[in-house]
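The structure appears below as structure tokens.
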Amino acid sequence: MTRPITADDLLSFYQIGVFPMAEHRDDPEIFLVDPEMRGVLPLDDFHIPRKLRKVVRSDRFEIRVDTNFGRVMDACAAPGPGRSSTWINTTIFNLYNELHRRGFAHSVECWMDDELVGGLYGVGLQGVFFGESMFSRVSEASKVALVHLVDRLRVGGYAMLDAQFTNPHLEQFGIQEIPKRIFKRRLAEAMRRHADFYAYNSLPESEKTGASSIQRITQTS
């Protein structure tokens, strides 16, 4: 009988560009995915739509990081508009929560009136952040979380933001679809870089606003 996949296995898979999924939320089994075409969000040329820039600058959401990783995963796994089921099953939930406890998996969260209304989660490894899923309970919340993630990754010295697949939602941010062989080459290069997810925390409080994030992202884009 094949042994269960461990958190250490998961880290090894990410290093070679492979990630897990499940058929649906209630299926305990998981399988590995290695797409022929890969979606990558360019950190040095990330596009922020004009309407979204206004929302980010307004600071209508309180941005928190890694304060409630489990709830973010739960929200990403929950059925929503246009999706009756998701691929985040109990096995995946447990594996990523272990990675979070070990400092590899992170959540970027949007809060409003002390309520979690949007966010995303993924895995940070060397110079790569592997985005996994996002959710919104309030309009634009997941998009704002993504903008703040990109800012944090740029400040922390990351080289790549993997989005796994392209979709119409991510096209507005300038996502690139590249062949697997090119992705694997870029991945290997980025894995040789040391990045710091928490370097952003050392910025002065005056530079942790939405307006500052917009400025940093767009000044070289």
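The values are calculated or read from the model by the stated rules, or taken from the named source; none is laboratory data. Because the structure is predicted, anything quoted here is derived from the model rather than measured. Cβ sites come from the backbone with ideal geometry, for glycine too, and all protein chains shown count toward neighbours. To get the accessible areas, we keep the full protein, side chains included, count just its heavy atoms, and leave off ligands, DNA and RNA. Shrake-Rupley method; radii C 1.70, N 1.55, O 1.52, S 1.80 Å.
For residue 143, the aspartates and glutamates whose Cα comes closer than 15 Å to its Cα, not counting residues fewer than 8 places off in the same chain, are 59, 62, 109, 132, 151, 171.
Annotation: the antiparallel percentage among DSSP beta bridges lying fully within the chain is about 90.
Have a look at the DSSP beta bridges in region 118-221 and tell me what percent are antiparallel, nearest 5. That works out to approximately 75 percent antiparallel. Counted residue by residue at 0.36 nm each, then reduced by the alpha carbon distance between them, the extension gain from residue 219 to residue 113 reaches 35.0 nm.
Packing, as the average of other Cβ atoms within 10 Å across residues, places the peptides 146-152, 195-201 in the order 146-152, 195-201, highest first. In whole percents, the pair-distance distribution calculated for region 1-73 from its alpha-carbon pairs, binned every 10 Å from zero, is 13, 27, 33, 23, 4, 0. Between the amide H of residue 33 and those of 19, 21, distances stay under 5 Å, these residues lying 5 or more places away or on another chain, with hydrogens modeled in the peptide plane. Only protein atoms count toward the accessible area here, which uses a 1.4 Å probe; on the chain, the carbon and sulfur part of that area reaches 48 percent. The separation of region 78-154 from region 1-33, counted between C-alpha centres, amounts to 18 Å.
Here region 87-221 yields Rg over Rh of 0.95, to two decimals, using C-alpha coordinates and the Kirkwood radius. Under the criterion of Cα pairs below 8 Å and six or more residues apart, the relative contact order for region 34-190 equals 36 percent.
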